[in-house]
Structures are given as C-alpha cells and as structure tokens.
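Each reported figure results from applying straightforward, stated rules to the coordinates on display, with no laboratory input. Owing to the predicted nature of the structure, the values given are computational and were not obtained by experimental measurement. In this analysis, Cβ positions are derived from the backbone assuming ideal geometry, glycine residues included, and neighbour counts consider all displayed protein chains.
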Amino acid sequence: GQSLEQPSEVTAVEGAIVQINCTYQTSGFYGLSWYQQHDGGAPTFLSYNALDGLEETGRFSSFLSRSDSYGYLLLQELQMKDSASYFCAVGSGTYKYIFGTGTRLKVLA
Amino acid sequence: GAVVSQHPSWVICKSGTSVKIECRSLDFQATTMFWYRQFPKQSLMLMATSNEGSKATYEQGVEKDKFLINHASLTLSTLTVTSAHPEDSSFYICSARVSTPSGNTIYFGEGSWLTVV
C-alpha cells in the first residue's frame, strides 16, 4: 500500500528551529511537496523537491533523499503564526497527490 | 486572489438529501481536478481524480455512486454527495493542476464544510 508517515505533533518556542520528518512508501514518485494548513483553512503550498538535496525558501527549507524515501521540512526563526498542521505529499501518478498523516506544530511564546 | 474557487464554503443538509459542491478554476483551464475529504484533525484523503470530458477515477474504497463527480467543462468540476448521512459530514476540498513552462502546479480550493443532520 501507499503511506506517508509524519510525527503527529511537535512543540517548539518562538525563534527556535524545528524539523518535521516524512517517510513515504508509494507506488510512484513525482516529487515531495509540503503544505501548511491552519485550522479551518485550505492547504497552502510551501515547497517542492523533485531531486535529492535541500531547497530553501525564506525561513522554510525542505530536504529529500529518494534512496531513503525520506524528506523533512525545516522551519527556522519560528513565529506564533507558524502554528498549524503541516502535511507532506507525494505526487503519485498523473500528478495526483497522496498526503501524509500531518504534523500539528504548536509554537509557544 | 484565489485561483481555484469552491462553493459553497459550508452547507448543512438533512440526512437523505443530496448536496452539490462546485470547484472552479479561475483564469486557467484545468483538465484535471482532484477531490479530497478531510475529517477533523486527520489528513486529506484523495477521493477521486476528475478528468474533463471523461469519467472520474475513484480511489479504492470510495463509492462512485454516492460521490458523483462531473467535469463537464475545462473550468468546472462538481462533487455531488448523494443520499447524505451524518458520517458524510466532513471538509471537502478540490485542487486543480495547471501546467506552466516551469512545470506543474497544484492549486487548492478554499474547501467546503458539509454537515449532515
């Protein structure tokens, strides 16, 4: 079967750095994406990795290792507004996306 | 502004009735749209892939006769929940794929909250 595993919850303080891991097992692979979702809202795109390595976008960075079927999202200089759920997603055939279990990030003052 | 519009944002219906949710791509043509369902504090679960002019492809375990998907035009896909029951209460969200010179991008609609009473 297809699955993407993430930690269910992570807590950190403002200004800290946090890493959210994602391990996947899918029949196809068309890149690993990360999405942020605030309660009651739609997911918003954060980053995309098609190749191995680190992609940096402002305070957010994302890493991929295809040989390990593993990736992570790194959030730096945490802010209160970063409190949200974060989902990894793998493109799996015809650009349909399979989403991870989601990680709820709580940022404390 | 939104590139994918979903309507209604929330709807309450009586058990046994049908509800239609629309997903429109704004300013671009979407040959492929995707429908997801999300229960509270859970992940987004892909329900089906909607292809313009052809039948939708449903994921395993999703009842195609209960969740009717129509993609009649390049800018509109609809999801109809037929004979809704309280267990169908959920957050339904669509996404659309757009091809650009730099690759493919997925845009999500705002989502629709369905409550069946």
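Assorted remarks:
- Partner shielding of B:43-52 amounts to 4, given as the average count of beta-carbon atoms from other chains within 10 Å of each residue beta-carbon.
- Sequence-separation-based contact order of chain B, relative, with Cα cut under 8 Å and 6+ spacing, percent: 36 percent
- Computing Rg and the Kirkwood Rh from the Cα coordinates of chain A gives a ratio, Rg/Rh, of 0.96.
- Sorted largest first, the principal axis extents computed over the alpha-carbon atoms of the stretch B:1-84 equal 35, 28, 25 Å.
- A straight Cα-to-Cα reach below 28 Å connects A:Lys96 with the lysines B:Lys20, B:Lys41, B:Lys55, B:Lys64, B:Lys66, residues fewer than 8 places away in its own chain not being considered.
- Under the Debye formula (equal points on every Cα, no solvent term), log10 I(q)/I(0) of the protein assembly as shown at q = 0.07, 0.09, 0.10, 0.15 Å⁻¹: -0.22, -0.37, -0.46, -1.01
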